[in-house]
Amino acid sequence: MARKNTTARAAKKNGSNTMWGGRYKLGPSEIMEKINASIGFDKRLYAQDIAGSVAHAEMLVARGILTAKDGAAIKRGLKQVQGEIESGRFKFSTKLEDIHFNVEARLTDLIGPAGGRLHTGRSRNDQIALDVRLWVRDTIDKIEAMLRDLQEALIKRADQYSATIMPGFTHLQTAQPITFGHHLLAYVEMFGRDRSRFADCRARLNESPLGAAALAGTPHPIDRHRTAKALGFDGPMANSLDAVSDRDYVIEFIAAASITGVHLSRLSEEIVIWCSAPFRFISLSDAFTTGSSIMPQKRNPDAAELTRAKVGRIMGAFVALCTILKGLPLTYGKDMQEDKEPLFDAADSLELGIAAMAGMIRDLKANPVRMRAVASADYSVATDLADWLVRKVGLPFRQAHHVTGRLVGIASDKGVDLDKLTLAEMQAVEPAIDRSVFKVLTVEASVAARKSFGGTAPANVARAVQEARKRFL
Ligand code: ARG
């Protein structure tokens, strides 16, 4: 015969929390309830919370702590709760504070006192540590797949534009001609490092806090190895105090997200610049731009601007998390509840940014004529002339640099490109120059010559595309 839950009944009467109100005579003030409740945002953890409870219940049965009958009722009840949440029928209650209490209270509604046995040998402290860990792990898997998709989009474009010449910049000043494919592959490398950072974070977080209980462990003969394995962890965390207080994986995740964000933001900035009228290097279609309500001709790269801006939120989350945790003595502190909104917001912002970027990369159209024209201007092949003087005339590079500088000055005064100087004009500066110099003074020759490993030559880029496919896709 099951005993009546007298605590819950008394608590219901006086308004105190039915889950912990045994010693309470009064309920919380309105403001206490408001500041304390996390259900508004931690309901996102329902699937992880229920998966953790199922693993815990199965272990309790296996260890003889729960009867098989209670265990079966708990699993059936949890399944129903999950169904109710997923179909939108579940009534979340602020009075019940968080996802753990909301699920457990409904479970007890459904199956009676057996629901109250689920919490044996565990606390909300190890429970939330588990839920967030599982959530971050799931989210890393999602982000990893999205980054791979973005790399795929970039590699495809790099292949298409492997020989398309554009100006390469330093200080945003025309430096040397490069290929658009080479430029895009630079981002493939960045997003590859980002993926490995997320993978590192995943590998390090993959230990289970479940069973640490409130902080010190539990007298019940639980099996932490079993629950760890059931939930796909490498094993249980070694120290119960660390298990409930560690949020390194949240910080590490947001740090990795911030670095990825930096890359997304740099590429966004380039897209904004490339789309602008003075550049006109690329265009985005109607699908990834917006118009102006007053200027009918406008086509604004809002997706790139918003991706760039969302990174501010991710970095803000990193600062918020470090600030929340840095003053906390061991072990759990309610401050930790404040980790979730920044975490969720950072993850949402990152996912949106990656998806928008993949969309823009697939959408963009390059303007090779314009890119080539800008690449040829501003004496971008001056280095090629200096290198030619080193190779063919045998000048030390410093002297070659000086001679080239003088020739650039003369061309600039005349308002012409280097290849429009006459041989006589060149020989007046360096008598050893001969007619063959004109062959290196085109942007095509310039990029084709940069065949050193990792260089921009179209043949290199075509090979690098194949390599990138093997390494990343
Ligand atoms: N909602 C809490 C959080 O997110 C769960 C853990 C609460 N534990 C406690 N002892 N009050 O951190």
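The values are calculated or read from the model by the stated rules, or taken from the named source; none is laboratory data. Quick caveat: nothing in here was measured; it's all calculated off a predicted structure. FYI the Cβ positions are ideal-geometry reconstructions off the backbone, even for glycines, and counts take in every protein chain you see.
Kindly indicate whether Thr18 is assigned to a loop (DSSP other than H, G, I, E, B), at pLDDT below 80, on the phi < 0 side of the Ramachandran plot and among the polar types (S, T, N, Q). In short, yes. When Ala203, Ala216 are screened for being over 19 Å from Val61 (Cα atoms) and either of a type in the set (Asp, Glu) or within 16 Å of the ligand (Cβ to nearest atom) (or both), only Ala216 passes. Here Gly353 clears all of (1) away from the ligand (no atom under 16 Å from the Cβ); (2) of a type outside the set (A, V, I, L, M); (3) crowded, with 18+ Cβ neighbours inside 10 Å; (4) not in a helix (DSSP H, G or I) except the condition numbered (4).
Residues are listed down the side, and each one gets a yes or a no for (1) over 30 Å from Asn125 (Cα atoms); (2) out of contact with any strand residue (DSSP E or B) (no Cβ under 9 Å at 6 or more places or on another chain); (3) of a type in the set (Ser, Thr, Tyr):
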site: Val311; (1), (2), (3): yes, yes, no
site: Gly316; (1), (2), (3): no, yes, no
site: Leu330; (1), (2), (3): no, yes, no
site: Ser349; (1), (2), (3): no, yes, yes
site: Ala366; (1), (2), (3): yes, no, no
site: Ala377; (1), (2), (3): yes, no, no
site: Asp387; (1), (2), (3): yes, yes, no
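If the condition is being under 19 Å from Arg450 (Cβ atoms) and not hydrophobic (A, V, I, L, M, F, W, C), then the range 144-172 contributes Asp159, Tyr161, Ser162, Thr164, Pro167, Gly168, Thr170.
Conditions (1) hydrophobic (A, V, I, L, M, F, W, C); (2) touching a residue at least 12 places away in the same chain (Cβ under 8 Å); (3) within 16 Å of the ligand (Cβ to nearest atom); (4) under 16 Å from Val262 (Cβ atoms), marked per residue:
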{"position": "Val311", "(1), (2), (3), (4)": "yes, yes, no, yes"}
{"position": "Tyr332", "(1), (2), (3), (4)": "no, yes, yes, no"}
{"position": "Met360", "(1), (2), (3), (4)": "yes, yes, no, no"}
{"position": "Arg372", "(1), (2), (3), (4)": "no, yes, no, no"}
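Are any of the residues in the range 86-102 in a helix (DSSP H, G or I) and more than 16 Å from the ligand (Cβ to nearest atom)? The answer is yes; a qualifying residue exists. In the set (1) within 16 Å of the ligand (Cβ to nearest atom); (2) assigned to a helix (DSSP H, G or I), the condition left unmet by Ala72 is number (1). Looking only at the range 270-308, residues that are in contact (Cβ under 8 Å) with a residue 60 or more places away in the chain, within 21 Å of Leu350 (Cα to Cα) and aliphatic (A, V, I, L, M) come to 2 in all.
Could you go through the range 276-284 and let me know if any residue there is within 21 Å of the chain's Cα centre (by Cα) and not hydrophobic (A, V, I, L, M, F, W, C).
Taking the range 276-284 first, the residues within 21 Å of the chain's Cα centre (by Cα) are none.
No, the conditions are met nowhere in the range 276-284.
Evaluated against (1) surrounded by fewer than 21 Cβ atoms within 10 Å (Cβ to Cβ); (2) within 19 Å of Asp131 (Cα to Cα); (3) within 16 Å of the ligand (Cβ to nearest atom), Leu328 falls short on exactly one condition, (2). For the range 142-162, the criterion of a residue being away from the ligand (no atom under 16 Å from the Cβ), closer than 30 Å to Ala216 by Cβ and assigned to a helix (DSSP H, G or I) is satisfied by no position.
Does Leu321 satisfy being more than 16 Å from the ligand (Cβ to nearest atom) and within 29 Å of Arg195 (Cβ to Cβ)?
Working: more than 16 Å from the ligand (Cβ to nearest atom): no; within 29 Å of Arg195 (Cβ to Cβ): yes.
Criteria not met by Leu321.
Would you say Asp98 is within 27 Å of Lys34 (Cα to Cα) and over 35 Å from the mean Cα position of the chain (by Cα)? Show your work before the answer.
Details: within 27 Å of Lys34 (Cα to Cα): yes; over 35 Å from the mean Cα position of the chain (by Cα): no.
Against the criterion (within 27 Å of Lys34 (Cα to Cα) and over 35 Å from the mean Cα position of the chain (by Cα)), Asp98 does not qualify.
Scan the range 235-249 and tell me whether some residue there is crowded, with 22+ Cβ neighbours inside 10 Å, under 25 Å from Ala186 (Cβ atoms), touching a residue at least 60 places away in the same chain (Cβ under 8 Å) and among the β-branched types (Val, Ile, Thr). No: the range 235-249 contains no residue that is crowded, with 22+ Cβ neighbours inside 10 Å, under 25 Å from Ala186 (Cβ atoms), touching a residue at least 60 places away in the same chain (Cβ under 8 Å) and among the β-branched types (Val, Ile, Thr).
Restricting Ser380, Ser436, Ser452, Ser412 to those that are of a type in the set (Ser, Thr, Tyr), outside any helix (DSSP H, G or I) and surrounded by fewer than 18 Cβ atoms within 10 Å (Cβ to Cβ) reduces the list to Ser452. Screening the candidates Ser38, Ser123, Ser29 for the property of being over 39 Å from the mean Cα position of the chain (by Cα), under 19 Å from Lys334 (Cα atoms) and among the hydroxyl-bearing types (Ser, Thr, Tyr) yields one hit, Ser29.
I need a count of the residues in the range 115-133 that are away from the ligand (no atom under 14 Å from the Cβ) and either over 14 Å from His56 (Cα atoms) or surrounded by fewer than 22 Cβ atoms within 10 Å (Cβ to Cβ) (or both). Spell out the reasoning first.
Pass one, the range 115-133, residues away from the ligand (no atom under 14 Å from the Cβ): 115-118, 120-121.
So of that shortlist, the ones also either over 14 Å from His56 (Cα atoms) or surrounded by fewer than 22 Cβ atoms within 10 Å (Cβ to Cβ) (or both) come out as 116-117, 120.
Selection size over the range 115-133: 3.
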